[in-house]
1. Of the residues 99, 106, 88, which single one is at pLDDT 70 or above and more than 25 Å from residue 15 (Cβ to Cβ)?
2. Against the condition crowded, with 16+ Cβ neighbours inside 10 Å, touching a helix residue (DSSP H, G or I) at 6+ places or on another chain (Cβ under 7 Å), part of a helix (DSSP H, G or I) and at pLDDT 90 or above, how does residue 60 come out, does it pass?
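The values are calculated or read from the model by the stated rules, or taken from the named source; none is laboratory data. As the structure is a prediction and not an experimental result, all values here were calculated from the model. Here the Cβ is made from the backbone with ideal geometry for all residues, glycine too, and neighbour counts use every protein chain on show.
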């Protein structure tokens, strides 16, 4: 029995479309190499232009649609932008190895 029969269908707003059809499964698809490249570039361009939602990215990954790796990379970029890396001791963005944040010269140890 497959898990997809027990799950509820995704709402239409969380689907991601290519050529007016939802993306196909990443293994069982009929995309040509050119279409696969186009899907990958389309996901990246839509992410850079903020035209793809987090729900759409998670739908691609969770339902194992083609472009899941690219969607995962986009989510990683999104999380890296939102996470503020702070020093746990000082509470600001200074680092332990280089507190000033200036690049080290050849004579700095």
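1. On the way: 99 fails: at pLDDT 70 or above; 88 fails: at pLDDT 70 or above.
Being at pLDDT 70 or above and more than 25 Å from residue 15 (Cβ to Cβ) holds for just one of 99, 106, 88, which is 106.
2. In short, yes.
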